[in-house]
Structure formats: C-alpha cells, structure tokens
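Heads up: the structure comes next, in structure tokens.
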Amino acid sequence: MTASFDSPQACVNLARVQSRIDLATAHAGRQRADVSLLAVSKLQSADKIEALYAAGQRAFGENYVQEGVDKIAEFAANPRYADIVWHLIGPLQSNKTRVVAESFHWVQSVDRLKIAQRLSAQRPAHLPPLNVCIQVNVSAEASKSGCPPDEALALMVAASALPQLSVRGLMGMPQPGIGEQATQQQFLMLTELYAAARSKITSVDTLSIGMSDDLEIAVACGSTMLRIGTALFGARPAA
Ligand SMILES: *Cc1c(COP(=O)(O)O)cnc(C)c1O
C-alpha cells in the first residue's frame, strides 16, 4: 500500500472489499443485503474518510473516544456529511460515557451494565435511542475486553429495559493469529448466542464479527456487520 490515498484508491479498495463480501455471501448461500460494511477509520485522517465517503461508504467506526468525538464534530460542521453513521468500537471507560452518548450513533463495546445505564441516562432526549451491541470476550484472553459469554444474554436483557438504548446485538473479536478453525470456533460461539438473543429481544438484528483478515470466515458464520479497517484504508499509522 502506498502512502497516497486519493479518491481512485479509495474506490478500488472499497470495490475489492465489496467483491470479497459478494463472493463470501454467495458462497455461504446468504443474501448480500444481509451483510453491512463498517469502515474502521481509527488513526486514519479526515481526508481518507472523505475519500471513502466519496466512494460511497457511510458507516465509520472509531476506537478511541477523543479521536472519534473530534472527527464527529469536524464532519458535523459540513452538512454534506450529515448521513455518516458513527460507531464506537473501542473500549469505553465509565468517565467517558457522556461525550459518547452525545455524539455517536452506535456503541459496539458495551461490556457491563454500569456502562449501559450511564449511556442511557446521558443520551440527550432529543436524539433517538443509542444503538448498542454487547461486546463478548470469546477468546478468554485476560487482556481482552468484553463480557464473559455466559453473562451476555442477561446483560442484553437488562440493557434492553433502558429507555434511551436500542440493543442491536453482539460484537466480538477472535484472538489474533490462531488459525482458521479456531477463529471459526470463536465466531460460532457468538453465532449461537446471537440466535438465542434474537429469540428473546425483538430489537436484535446485528452480529458484528469479521475484520480484514477473517471476513470470509465471519460471513460463513452468520456475520451481519463486518468491521474492516486495513483492507479499506491500507495500513494504520502507529497509535
Ligand atoms: C481495528 C479494529 C478493526 C479493524 O481491523 P482490520 O484488521 O484493520 O480490518 C475491527 N474491529 C475492532 C474492534 C478493531 O479495533
């Protein structure tokens, strides 16, 4: 990947990822329309986001609260970008929930009830309910965030009773570098939880699994939302 990222490059990258999704859904016998694409723009410049927007992308995911809030404010200043949907996909501390509840459309990294309660209480009344996913720790790695799999359903049920939240589903990340089969096993744990959640909670429609390297496996496991960074933007600058 070269350092330059102009509109033609953004179009090429987006078309490549779209055709990977086309192939993966066809291969899995799934409807293409049932899988959406979230462009993970963490550490990427506003210029690059603009280029991908010009290529047709509308949903963007940020990992770091302050960086995300700053970008949202910058794009909100231009009415042209009013249809961008912003997702927080990185860890969220309870002392940062207010700015998140005020600016993002989705938070995919809710992993405990306290965070859900604060987001609901702090979501401004003039905005629609904040869309949330429960992040599940499927890899049992001590360092990874996410709620334990056996607590996810209860957390979803509790969060769905909160007035200013709409519980949309589950998000998870397999442990990196464990190979195709183990990745698939960790995804399938979420696929099962997702089916159970859908039968209990009517607002649930999102299984957020799959990144640049495991998009095809995730689609085969039932992903409805892929979170793709590197394959769209190229390598990230260091944090
Ligand atoms: C960085 C990140 C991604 C995107 O990863 P790529 O491998 O660059 O596609 C997806 N989800 C989360 C939670 C991330 O932090």
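Readers should treat all values here as calculations from the given coordinates under stated rules, not as data from a laboratory. Quick caveat: nothing in here was measured; it's all calculated off a predicted structure. Here the Cβ positions follow ideal geometry from the backbone for every residue, glycine too, while neighbour counts run over all protein chains shown.
Restricting the calculation to Cα atoms, every distinct pair contributes to the Kirkwood radius of the chain, found to be 18.1 Å.
Sorting Ile178, Ile134, Ile72, Ile89 by the number of Cβ atoms found within 10 Å of their own Cβ, with the fewest placed first, yields Ile178, Ile72, Ile89, Ile134. Quotient of the Cα radius of gyration of the stretch 136-200 and 2.2 N^0.38 Å, N being its number of residues: 1.18. Reported to the nearest whole Å, the Cα centre-to-centre distance from the stretch 175-233 to the stretch 33-64 is 19. Net charge of the neighbourhood of Val69, taken over other residues with C-beta under 11 Å away and scored Lys/Arg +1, Asp/Glu -1, is -2.
Go ahead and run the numbers for FRET between Glu180 and Gln122, Cβ-Cβ distance against an R0 of 35 Å, rounding to 0.05. Once the sixth-power term is evaluated, E becomes 0.30. When only the Cβ of Lys, Arg, Asp and Glu is charged (+1, +1, -1, -1), the dipole of the stretch 7-233 relative to its Cα centre reaches about 460 debye.
Taking 4 °C and 1.567 mPa s as the conditions, I'd like the Stokes-Einstein D for the stretch 76-205 in µm²/s, using the Kirkwood hydrodynamic radius from alpha carbon pairs. Translational diffusion coefficient: 85 µm²/s.
The stretch 73-150 gives an Rg/Rh value of 1.03, both radii derived from C-alpha positions and Rh following Kirkwood.
Residues Cys147, Cys11, Cys133 in ascending order of nearby Cβ atoms (within 10 Å, fewest first): Cys11, Cys147, Cys133.
Neighbours of Leu215 by Cβ distance under 15 Å: Lys/Arg scored +1, Asp/Glu scored -1, total -1. So which GluC sites (Glu not before Pro) in the stretch 130-214 are both in a DSSP loop and have at most 16 other Cβ atoms within 10 Å of their Cβ? Taking the stretch 130-214 and a limit of 16 other Cβ atoms within 10 Å, the loop GluC sites (Glu not before Pro) found are Glu141. Counting only Cβ charges, +1 for Lys and Arg and -1 for Asp and Glu, the dipole size of the stretch 165-221 around its Cα centre is about 360 debye. Sorted ascending by nearby beta carbons within 10 Å, beginning with the fewest, Leu190, Leu38, Leu113 become Leu113, Leu38, Leu190.
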